[in-house]
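Every number in this text was worked out from the coordinates using simple rules, so none of it is lab data. Since the structure is predicted, the reported quantities are computational estimates derived from the model, not experimental observations. Here the Cβ is made from the backbone with ideal geometry for all residues, glycine too, and neighbour counts use every protein chain on show.
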């Protein structure tokens, strides 16, 4: 009987802790949505303190850190999220974006490759890998990734814009300017300034 009561106590206690951790996590998400990044980090800290195995809390805290410019702290959180859930395409993609901000484009591409392998129809992995390849002046590689994004979602205006720039860099001015024009028609107004510069 004592063992049963002890077991019930531990189960009840763990459920309470889990609920409290979830509460902190939810508040952290609200703060993240409200763009109150420092507050979000504090709530994720509390969630992680109560449940150090919550990969989503690490991931979201990493997102907040990335936004405020704490790139190394963000990578540390994404590393932990990946350690806890090695099949999280989201965490690999987020770590790749942060590596990109640190200009570690090769490292970013490795993360995007993994994210794409885990989620082959995810637009974000292809789009971000295209950005990294573009920064490395691998315009053919960038073009392939933007083609894939547009194949998955033909209404992705930013992909047309970046594919247009890749085409222009590859000497296909007409094709590039057409893509930029399509992006503009889709509502991406800033491309018209690029069109004025490159498409005369």
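Structure notes:
- Computed from Cα atoms, the angle from the helix 123-135 axis to the main principal axis of the chain rounds to 60 degrees.
- Residue among 171, 73, 107 with the largest mean-square fluctuation in a Gaussian network model of the chain, springs linking Cα atoms under 10 Å: 171
- Contour excess over end-to-end distance, with Cα ends at residue 121 and residue 26 and 0.36 nm allotted per residue: 31.4 nm
- Acute angle (nearest 10 degrees) that the helix 2-33 long axis makes with the longest principal axis of the chain, alpha-carbon atoms: 30 degrees
- Dividing the helix sum by the residues of the chain, where each DSSP H run of 4 or more adds -39500 (n - 2.57), gives a mean residue ellipticity at 222 nm of -26500 deg cm²/dmol.
- Overall form of segment 142-200 per C-alpha gyration tensor (a/c, 1.5; a/b vs b/c): oblate
- On the principal axes of its alpha carbon atoms, the chain extends 83, 31, 29 Å, with the longest extent given first.
- Euclidean distance of C-alpha centroids, segment 71-85 and segment 110-133, integer Å: 18 Å
- Between 0 and 90 degrees, the angle of helix 139-152 with respect to the longest Cα principal axis of the chain falls at about 70 degrees.
- FRET efficiency, 1/(1 + (r/R0)^6) with R0 25 Å, evaluated for residue 83 and residue 158 via beta carbons: 0.20
- Over the chain, Cα pairs under 8 Å with separation of 6+ residues give a relative contact order of 9 percent.
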